[in-house]
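*Asks:* Handing you a structure now.
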Amino acid sequence: MSDADFFNELWTYFIAIITVVGMLACALLLWQQGRQKVAAPGDADNTTGHVWDGDLRELNNPLPRWWMWMFYLTVVFSLGYLVVYPGLTTYRGSFGWTSAGAYELERAALEKQIAPLYAGFTAKSAEQLGQDPEAMAVGGRLFLNNCAQCHGSDARGSKGFPNLTDSDWLYGGSAEAIRTSITDGRNGFMPPMGDAIGGEDAARNVAQYVLSLSGRENDPVRANLGRSKFSACAACHGADGKGNPLLGAPNLTDRIWLHGGREADIVQTIMQGRSGTMPVHKDRLTEAQIHVLTGYLMKISGASEAATPVASTKP
Ligand code: HEC
Ligand code: HEC
């Protein structure tokens, strides 16, 4: 995206003209005020004729020299500033300073500073990081800064945003799958299915069948009618309803719901479809940071505990 998406180029000239004319006008006003005294009615005794509190009279003197020079200095300073830094139209300033460049420099300096710390982390596997309290502290902070706004500060998610602390994964809970979810993002998409199964009433039957899949209370007659329509869903959720991590199609046989497990929620899911986007993070986080986050999620979801026996059997 360029500046041109926001501003017409003419605006930059408009602003430049106001800036320069404003500064010159200030200087002119100072110069003029420093030379002339305004003729005032009471000028005979060098006062303006204004009197307060009985005897307090306002003298008609020009501003003190040192005071004037301070103002001149501010004008010179702002002119110098506009030479050195970008401020006038497309002129880049003699330093070549840009806010993006300054940010990059700061970021590079910070990355250099934390590189030794992260080198220690990247030497370990995501599972092993779970045993490293320092890595978990860093992971927790990364999570709060980058992920909590969607997944919640406790990572338990909310409607439409998956809980990352349980062992139920849309896209898989291996280190590789979690890393890919963070690095490249994910797009889960279920189209509206009302037409494919024959309308709202059929959707209610299928919803009863979905409830039966996780052993929840359901209407057996409707569930039985719904079962025959489930073939329309099997391509994504599997014939047994256990889901498909390649598509992010949720397992419907557990009692963990992304979009709500009440009958009304399920009917709405079927009729209107659902979608969710996990944003791409490879531009925002370094590989090492994503590695630490992967270890952090495996730890809080218990996935690294399940995987550690190999490591913990070592003497
Ligand atoms: C703008 C909101 C948003 C942000 C920010 C966000 N996520 Fe997500 N994330 C989602 C959504 C929505 C999904 C589910 C995508 C779907 O429905 O297919 C998801 C899915 C995931 C998954 C896959 C879960 C599974 O069950 O397979 C992981 C892992 C994940 N996010 C980790 C993170 C981490 C780590 C961060 C911070 C670096 C983060 N997310 C930041 C919205 C977000
Ligand atoms: C094209 C693949 C596809 C088809 C076909 C499909 N689904 Fe889905 N379904 C998904 C995906 C992907 C999600 C998760 C959407 C998201 O990431 O927000 C989902 C979500 C759901 C959910 C929400 C689960 C939860 O945990 O809240 C239910 C219920 C559901 N589908 C039932 C069905 C039923 C019933 C059918 C058949 C009528 C069906 N789906 C057909 C892909 C599909």
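The values are calculated or read from the model by the stated rules, or taken from the named source; none is laboratory data. This one's a predicted model, so the numbers in the text were calculated from it and none came from an experiment. Cβ: placed from backbone, ideal geometry, glycine included. Neighbour counts: every protein chain shown.
*Asks:* Starting from residues that are outside any helix (DSSP H, G or I) and in contact with a helix residue (DSSP H, G or I) (Cβ under 9 Å, 6 or more places away or on another chain), keep the ones in the stretch 103-135 and report whichever is nearest to Ala175 (Cα to Cα). Full working, then the answer.
*Replies:* Start the filter on the stretch 103-135 by keeping residues that are outside any helix (DSSP H, G or I), which leaves 123-125, 130-132.
Filter once more, so that each one left must be in contact with a helix residue (DSSP H, G or I) (Cβ under 9 Å, 6 or more places away or on another chain): 124-125, 130-132.
Working: Lys124: 12, Ser125: 9, Gly130: 12, Gln131: 15, Asp132: 16 Å.
That would be Ser125.
*Asks:* Failed condition for Leu258, given (1) surrounded by 18 or more Cβ atoms within 10 Å (Cβ to Cβ); (2) more than 17 Å from Gly188 (Cα to Cα); (3) within 16 Å of ligand 1 (Cβ to nearest atom), with all others met?
*Replies:* (2)
*Asks:* Out of (1) within 16 Å of ligand 2 (Cβ to nearest atom); (2) buried (at least 16 other Cβ atoms within 10 Å of the Cβ); (3) in contact (Cβ under 8 Å) with a residue 60 or more places away in the chain, the odd one out for Cys147 is which?
*Replies:* Evaluating Cys147 over (1) within 16 Å of ligand 2 (Cβ to nearest atom); (2) buried (at least 16 other Cβ atoms within 10 Å of the Cβ); (3) in contact (Cβ under 8 Å) with a residue 60 or more places away in the chain leaves (1) as the failure.
*Asks:* Among the residues of the stretch 63-73 satisfying the criterion of being without any contact (Cβ under 8 Å) to a residue 40 or more places away in the chain and part of a helix (DSSP H, G or I), which is surrounded by the fewest Cβ atoms within 10 Å (Cβ to Cβ)?
*Replies:* Of the stretch 63-73, the ones without any contact (Cβ under 8 Å) to a residue 40 or more places away in the chain are 63-70, 73.
Next cut, part of a helix (DSSP H, G or I) only: 65-70, 73.
Numbers: Arg65: 9, Trp66: 7, Trp67: 11, Met68: 15, Trp69: 12, Met70: 11, Leu73: 10.
If we take residues in the stretch 63-73 being without any contact (Cβ under 8 Å) to a residue 40 or more places away in the chain and part of a helix (DSSP H, G or I), then Trp66 is surrounded by the fewest Cβ atoms within 10 Å (Cβ to Cβ).
*Asks:* Looking only at the stretch 164-177, decide whether some residue is of a type in the set (Phe, Trp, Tyr), closer than 22 Å to Asn251 by Cα and either touching a Pro at 6+ places or on another chain (Cβ under 8 Å) or free of Cβ contacts under 8 Å to residues at least 12 places away in the same chain (or both). Before the answer, list the steps.
*Replies:* Going through the stretch 164-177, the residues of a type in the set (Phe, Trp, Tyr) turn out to be 169, 171.
Going one step further and asking which of them are closer than 22 Å to Asn251 by Cα, we end up with 169, 171.
Remaining after also requiring either touching a Pro at 6+ places or on another chain (Cβ under 8 Å) or free of Cβ contacts under 8 Å to residues at least 12 places away in the same chain (or both): 169, 171.
The answer is yes, given that some residue of the stretch 164-177 is of a type in the set (Phe, Trp, Tyr), closer than 22 Å to Asn251 by Cα and either touching a Pro at 6+ places or on another chain (Cβ under 8 Å) or free of Cβ contacts under 8 Å to residues at least 12 places away in the same chain (or both).
*Asks:* Name every residue in the stretch 262-287 that is touching a helix residue (DSSP H, G or I) at 6+ places or on another chain (Cβ under 8 Å), modelled with pLDDT of 95 or more and surrounded by 17 or more Cβ atoms within 10 Å (Cβ to Cβ), in order of residue number.
*Replies:* Glu263, Ile266, Val267, Ile270, Met271, Met278, His281
*Asks:* What is the residue count in the stretch 228-272 for residues that are within 6 Å of ligand 2 (Cβ to nearest atom) and of a type in the set (S, T, N, Q)?
*Replies:* 1
*Asks:* Conditions: (1) without any contact (Cβ under 8 Å) to a residue 40 or more places away in the chain; (2) over 30 Å from Arg179 (Cβ atoms). Ile270 meets all but one. Number of the miss?
*Replies:* The failed condition is (1).
*Asks:* Using beta carbons and a limit of 7 Å, which pairs, at least six apart or on different chains, have the first residue in the stretch 220-247 and outside the structural domain of Ser181 (by TED's automatic domain parsing) and the second one aromatic (Phe, Trp, Tyr) and outside any loop (DSSP other than H, G, I, E, B)?
*Replies:* Ala223/Tyr209; Gly226/Tyr209; Arg227/Tyr209; Phe230/Tyr209
*Asks:* For Gly172, all conditions in the list (1) within 18 Å of Phe161 (Cα to Cα); (2) among the small types (Gly, Ala, Ser); (3) near ligand 2 (Cβ under 10 Å from one of its atoms) hold save one; what is the number of the exception?
*Replies:* (3)
For (1) in contact with a His (Cβ under 8 Å, 6 or more places away or on another chain); (2) over 26 Å from Leu88 (Cβ atoms); (3) modelled with pLDDT of 90 or more; (4) not in a loop (DSSP other than H, G, I, E, B), each residue gets a yes or a no:
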residue	(1), (2), (3), (4)
Thr19	no, no, yes, yes
Gly22	no, no, yes, yes
Ala27	no, no, yes, yes
Trp31	no, no, no, yes
Ala40	no, yes, no, no
Gly49	no, yes, no, yes
Gly54	no, yes, no, no
Asn61	no, yes, no, no
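*Asks:* Contact list please: Cβ distance under 6 Å, first residue in the stretch 83-106 and more than 18 Å from Asp283 (Cβ to Cβ), second residue exposed (fewer than 10 other Cβ atoms within 10 Å of the Cβ) and modelled with pLDDT of 90 or more, pairs at least six apart or on different chains.
*Replies:* none
*Asks:* Evaluate the stretch 88-102: report whether one residue or more is part of a helix (DSSP H, G or I) and not small (Gly, Ala, Ser).
*Replies:* So the first thing to find is which residues in the stretch 88-102 are part of a helix (DSSP H, G or I), and the list is 99-102.
Those still in the list that are not small (Gly, Ala, Ser) too: none.
There is no residue in the stretch 88-102 that is part of a helix (DSSP H, G or I) and not small (Gly, Ala, Ser).
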